[in-house]
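The structure under discussion appears below in the form of structure tokens.
The values are calculated or read from the model by the stated rules, or taken from the named source; none is laboratory data. Worth saying up front: this structure is predicted, and the values here are computed from it rather than measured. As a convention, Cβ positions derive from the backbone with ideal geometry for all residues, glycine included, and neighbour counts pool all protein chains shown. Accessible surface areas use protein heavy atoms only, side chains included; no ligands, DNA or RNA. Shrake-Rupley method; radii C 1.70, N 1.55, O 1.52, S 1.80 Å.
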Amino acid sequence: MSHDHHDERPALTPGQIDAALNPPPGRNGGDLVVETLQGLGATTVFGLPGQHALGMFDALRRSSLGYVGLRVENNAGFAADAYGRITGEVAPLLLSTGPGALTSLAALQEAAAASAPVLAVSSQVPTAGLGGGRHGYLHELRDQQASFRDIVKSVHPVRTASQIPSAITAAWESALTAPHGPVWIEIPQDVLTAETTLPVVTAMDATPRELHARPELIAVAAHLLSNAARPAIIAGGGVVRSDAAGKLRALAEKVGAPVVTTYGGKGAFPWEHPLSLRSWLEDRHTTDFLEDADVLLVVGSGLGELSSNYHTFAPRGRVVQIEADAGKLEANHPALGIHADARDALSDLLEAVTPREDPAAAERVAAVLDRVRDRIDAQGLALEQHLLAEIRSALPDTSPSFWDMTILAYWAWCAFDARHPNTMHSAQGSGGLGYAFPAAIGAAAADRTKPVLAVSGDGGAMYSVAELATARQYDLPVTWLIVDDGGYGILREYMTDAFGETTGTELSRPDFVALAEAFGVPAVRTSPETLADDLAKSFARPGPSVVVLPALLRMFAPTHL
């Protein structure tokens with residue numbers, strides 16, 4: 001088969017040819033890494049140096065890339081995760097071999113669960129130590145890649161300097177192909193430090209593959225929605241990741257379908273919209289309503305544990321599931337499975353459906369929300385609802401918030417109004433502790449023009465206290481609200497409910513105000529009455545600050561048991 005058509009590539013000018021033939025001296029493999037990242041459009045990298053990775057860090061000096069160095073690799077991963085979520089762009093994460101790399105694993109698991117495009121570039125032992133032999137190199141692992149293969153989207157080993165640009169470009173494309181996710185590159189120490197005479201890497205092309213819905217499936221889905229008596233929509237994180245909130249709203253209004261957002265999909269649909277069932281997924285009234293739908297459209301969600309009221313959800317109608325991760329299609333419920341990016345598929349559906357009128361839909365939504373409110377109000381949990389209202393009133397509408405695995409966050413998943421898409425984030429994808437504060441640092445590095453909120457319990461806060469130094473060093477506008485209840489509060493509740501007593505949940509902890517001040521970060525001890533005022537003052541102040549709230553919070557009663 002003959003090919004007489006080629007991509008039209010611009011010819012190099014004489015000056016560019018001369019530059020390619022005479023590259024600047026003193027460059028190494030690390031320069032090829034940072035030049036490729038710059039050529040692909042990166043502006044900020046996260047990480048933590050280590051002996052084998054020093055070639056990359058040395059090369060940063062010769063680049064225009066901004067560097068944000070955190071104090072623990074896992075926290076650097078959380079910061080990169082948040083940067084990727086907030087910007088929708090690839091977040092490079094530079095790591096060292098062995099312990100440095102492995103310490104990032106929990107953060108990469110969260111990035112995978114939340115579809116955050118993190119590009120981890122790790123060093124490796126020198127080339128002579130590869131192949132699984134026991135050579136006794138510092139940081140040596142028998143198979144470093146194996147530790148990451150179960151977590152990341154793709155693994156890209158490099159063994160020579162000339163492979164670096166192509167490996168990073170392939171990884172970049174993988175990270176940004178729907179569903180977004182973390183990717184892994186590893187480069188031996190000697191390849192990073194060896195001088196190179198290769199030309200400077202210029203613009204690279206890493207256009208992600210588009211994931212279009214099959215037209216015959218869209219036709220069936222459109223027919224089902226257009227002719228449904230009681231349609232409903234569950235909007236997941238895929239709607240937020242693909243920037244599809246506008247398409248979702250237009251479709252819901254066109255077919256008169258009430259919308260529930262999952263915890264990962266917070267902000268995907270306007271909270272106060274007449275068709276908004278909000279996010280009360282852990283409530284049987286919501287579950288009953290969704291089960292009663294004759295056509296249920298699930299967009300960008302795998303209907304996992306939290307999105308299915310702990311797998312008690314049993315839909316009776318037809319389910320249509322749009323999901324970019326093929327492995328999640330019909331993983332929990334039989335459905336018309338459409339493998340596609342949420343934005344693309346919603347756009348197709350919007351064109352294909354015929355409008356339907358349902359004046360009673362908004363009344364049914366209001367009735368469900370009333371029943372949910374009555375159930376919560378009967379439990380004597382005014383403090384928890386008051387705290388969320390105080391945070392909402394103080395936090396600017398467009399400011400991002402990051403929530404750790406803590407009781408107030410579990411409330412926020414259901415009850416907090418994220419007024420814009422892609423502004424509320426938590427670690428509920430994989431459920432690890434310590435996410436909120438380093439993630440807020442990553443978001444602030446992406447956009448310094450607006451204050452960022454992090455919310456942790458005292459247990460989760462102890463995972464991240466080292467990053468107070470980072471927030472201070474880079475003078476980032478992060479306000480850290482620490483709810484201090486003297487232990488792992490949610491585990492205290494779980495153990496008390498299950499076993500009648502607790503083990504390992506009660507914690508000694510520092511004076512968080514004094515600790516923050518030791519880092520040069522202003523801090524205040526607040527109360528439920530003064531919380532909104534203290535937060536507002538923190539948001540208005542440049543740089544980082546800490547607000548400590550001593551409070552013993554309770555969870556609302558579950559409905560899945």
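See the values below:
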| read-out | value |
| --- | --- |
| Filter result for residue 112 (more than 22 Å from residue 58 (Cβ to Cβ), within 13 Å of the chain's Cα centre (by Cα) and open to solvent by 10 Å² or more (accessible area, probe 1.4 Å)) | yes |
| From the options 272, 282, 291, residue that is in a helix (DSSP H, G or I) and open to solvent by 10 Å² or more (accessible area, probe 1.4 Å) | 291 |
| Residue among 26, 47 that alone is touching a residue at least 40 places away in the same chain (Cβ under 8 Å) and in contact with a helix residue (DSSP H, G or I) (Cβ under 8 Å, 6 or more places away or on another chain) | 47 |
| Single match in 72, 118, 90 (criterion: among the hydrophobic types (A, V, I, L, M, F, W, C), surrounded by fewer than 22 Cβ atoms within 10 Å (Cβ to Cβ) and at pLDDT 95 or above) | 72 |
| Some residue of segment 385-401 being farther than 19 Å from residue 538 by Cβ and modelled with pLDDT of 95 or more | yes |
| Any hit, segment 426-447, residues being in a strand (DSSP E or B), within 21 Å of residue 69 (Cβ to Cβ) and in contact with a Leu (Cβ under 8 Å, 6 or more places away or on another chain) | no |
| Close pairs from segment 277-294: first touching a residue at least 24 places away in the same chain (Cβ under 8 Å), partner part of a loop (DSSP other than H, G, I, E, B) and among the hydroxyl-bearing types (Ser, Thr, Tyr), Cβ under 6 Å, at least 6 apart | 283/559; 284/559 |
| Helices (runs of 4 or more DSSP H) (entirely within segment 303-394) containing at least 2 residues that are farther than 24 Å from residue 426 by Cα and open to solvent by 30 Å² or more (accessible area, probe 1.4 Å) | 342-352, 361-377 |
| Yes/no for residue 453 being touching a residue at least 40 places away in the same chain (Cβ under 8 Å), open to solvent by less than 30 Å² (accessible area, probe 1.4 Å) and under 17 Å from residue 86 (Cβ atoms) | yes |
| Residue match in segment 21-33 (condition: of a type in the set (A, V, I, L, M, F, W, C), within 17 Å of the chain's Cα centre (by Cα) and buried (at least 24 other Cβ atoms within 10 Å of the Cβ)) | no |
| Filter result for residue 143 (under 22 Å from residue 54 (Cα atoms) and of a type in the set (Asp, Glu)) | yes |
| Condition met for residue 445 (surrounded by 19 or more Cβ atoms within 10 Å (Cβ to Cβ) and over 16 Å from the mean Cα position of the chain (by Cα)) | no |
| Test: residue in segment 496-504 that is at pLDDT 95 or above and aliphatic (A, V, I, L, M) | no |
